[in-house]
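The values are calculated or read from the model by the stated rules, or taken from the named source; none is laboratory data. Since the structure is predicted, the reported quantities are computational estimates derived from the model, not experimental observations. Don't worry about glycine lacking a Cβ; one is built from the backbone with ideal geometry, like all the others, and counts go over all protein chains shown. The area values use the complete protein model at the heavy-atom level, side chains included, leaving out ligands, DNA and RNA. Shrake-Rupley method; radii C 1.70, N 1.55, O 1.52, S 1.80 Å.
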Amino acid sequence: MGGPLLNTYNHLPLTIHSAKGLYLYDDAGNAYLDMQSGYGVNALGHNHDAVMQALKTQSQKHLHISNAFLSAPTEALANQLITHSEFSKVFFANSGTEANEAALKLAKKRGRQISDSKTNVIALNKGFHGRTAGGMALTGKPQYWDVFKPNLPGVYHVDINDSEAFKSKMNDDVCAIFVEVIQGEGGIRPLTREFALTINDMATRHNALIIVDEVQTGLMRTGELFAYQHTPLTPNIITLAKALGGGIPLGAMLVDASLRDVFEPGDHGTTFGGNPLACAMGEAVIQTIVKPSFKSHVNTVSTLLFDHLHALKAQFPDLIDSVRGQGMMIGVVFHDDVQWIKKDALKHGVIVNVTASRVLRLLPPLTLDTPSAKHFINVLKTILERRQKKP
Ligand SMILES: Cc1ncc(COP(=O)(O)O)c(C=O)c1O
């Protein structure tokens, strides 16, 4: 392979020069509507004014100072997250997988405080939790860890929404259950209410922690600040990343009051986690998304997208199998592999993402407006019409 970068990604044939709002621009000045938003990172679109202002202001004070010091933006963001949630303490990391590593370590430490054997974890098949050793082991897709075996021991996977399989794996040696409320990478697969209730029940019975990975679903992506709020789930820990830093790497683990003293100095740490610049930008993100008008905007545009996508499903039943998801986390499930759609959409100036091979995964900026949403639907319709005509 040519080029200086290791061969870890299938790049789109596109070099981005700049970005603003809902659009990316290439070297030639062509505009692309971004329906992927950097896998959910650019939730406020690109270079949002409030985020850019926070970046400017903080960069004139200091960038990195290390966790040997308290930093005002870091504490302010932690306080905001606590104020707007039912959690009690925050640990900052740099990414989703690191937030999950923190959660895994905390769960194991707390498990061992109860019994030496309470270190097992249950996660879900097709779930995705990151690429570091712990995140990878939790991930329920063997293709991500097969070549790196042996995996972390004590991690067991069951199918999403299979309450019986889940119950059969639960016992007092389980320290934590890791779930996504809607599996993102796994193909926009939502947890059922019944399964959520079973998780609550089993976690209580066996004194295990419920850890909800909100790295992709969190921060208003699904129309609530956190996706678990649509469900009966009672998490002890949630993990966040992606949208949190407004485009700068930032992850977080939020823990409930019962866990506030599990970690002590030295148990866990990170050089960059809670970086003041990232946290200042995170504050701007949270201040923006908690406004009631922001939430109603997300839900209005989401309804429009779902209505039109259901109409497309009715129009193209041979191509589209179903439409699922919530808020601005939407999966259009095709009958067959749909990788081709990325290049077709690009020709129409639209960036889309495909996951689980058959699922067109829409993660637009939450600031997507009605005209742009309608434009996207028209482009998709044109692409599907052409596709259907092909022999
Ligand atoms: C649900 C979920 N958890 C964890 C991760 C890993 O996050 P990161 O790539 O920031 O390590 C992702 C990334 O896509 C994710 O979707």
Would you confirm whether any residue within the stretch 85-98 is open to solvent by 60 Å² or more (accessible area, probe 1.4 Å) and away from the ligand (no atom under 16 Å from the Cβ)?
yes
Is there any pair linking a residue in the stretch 172-201 that is more than 18 Å from Leu259 (Cα to Cα) to one that is away from the ligand (no atom under 12 Å from the Cβ) and at pLDDT below 95, with Cβ under 7 Å and at least six apart or on different chains, and which?
Gly186/Ala356; Gly187/Ala356
Could you say whether any residue in the stretch 282-292 is at positive phi, part of a helix (DSSP H, G or I) and within 16 Å of the ligand (Cβ to nearest atom)?
no
Restricting to the stretch 139-157, count the residues that are assigned to a helix (DSSP H, G or I) and more than 17 Å from Gly187 (Cα to Cα).
3
Yes or no: the stretch 163-170 includes at least one residue that is open to solvent by less than 40 Å² (accessible area, probe 1.4 Å) and not aliphatic (A, V, I, L, M).
yes
Name the single residue, out of those in the stretch 230-246 being away from the ligand (no atom under 12 Å from the Cβ) and surrounded by 22 or more Cβ atoms within 10 Å (Cβ to Cβ), that is farthest from Asn161 (Cα to Cα).
Gly246
Exactly one condition in (1) in the same structural domain as Met220 (by TED's automatic domain parsing); (2) acidic (Asp, Glu); (3) without any contact (Cβ under 8 Å) to a residue 24 or more places away in the chain is not met by Glu283; state its number.
(3)
Can you tell me which residue among Ala373, Ala345, Ala311, Ala356 is free of Cβ contacts under 8 Å to residues at least 24 places away in the same chain and either of a type in the set (Gly, Ala, Ser) or over 17 Å from Tyr39 (Cβ atoms) (or both)?
Ala311
Would you be able to say whether some residue in the stretch 298-310 is open to solvent by 50 Å² or more (accessible area, probe 1.4 Å), closer than 30 Å to Arg112 by Cα and either in a strand (DSSP E or B) or touching a helix residue (DSSP H, G or I) at 6+ places or on another chain (Cβ under 9 Å) (or both)?
no
Considering only the stretch 314-342, state which residues are touching a strand residue (DSSP E or B) at 6+ places or on another chain (Cβ under 7 Å), closer than 19 Å to Leu33 by Cβ and among the hydrophobic types (A, V, I, L, M, F, W, C).
Met329, Ile330, Val332, Val338, Ile341
Number of the exception - Glu185 against (1) within 30 Å of Leu360 (Cα to Cα); (2) away from the ligand (no atom under 16 Å from the Cβ); (3) in contact with a Lys or Arg (Cβ under 9 Å, 6 or more places away or on another chain):
(2)
The stretch 200-229 - residue that is in a helix (DSSP H, G or I) and away from the ligand (no atom under 16 Å from the Cβ) and, of those, most open to solvent (accessible area, probe 1.4 Å)
Arg205
Expected output for the stretch 30-44 (first residue open to solvent by 20 Å² or more (accessible area, probe 1.4 Å), partner assigned to a strand (DSSP E or B) and among the aromatic types (Phe, Trp, Tyr), Cβ below 6 Å, 6+ apart or cross-chain) is Ala31/Tyr23; Ala31/Tyr25
Just to be sure before I move on: is Tyr25 assigned by TED's automatic domain parsing to the domain that holds Asn353, open to solvent by 70 Å² or more (accessible area, probe 1.4 Å) and either over 24 Å from Lys89 (Cα atoms) or among the aromatic types (Phe, Trp, Tyr) (or both) in the structure I sent?
yes
Could you go through the stretch 100-118 and let me know if any residue there is under 14 Å from Val155 (Cα atoms), in a loop (DSSP other than H, G, I, E, B), within 16 Å of the ligand (Cβ to nearest atom) and touching a residue at least 12 places away in the same chain (Cβ under 8 Å).
no
Taking the condition farther than 24 Å from Ser163 by Cβ, open to solvent by less than 30 Å² (accessible area, probe 1.4 Å) and either within 16 Å of the ligand (Cβ to nearest atom) or part of a strand (DSSP E or B) (or both), does Gly135 pass?
yes
Which number in (1) within 16 Å of the ligand (Cβ to nearest atom); (2) on the phi > 0 side of the Ramachandran plot marks the one condition that Tyr144 misses?
(2)
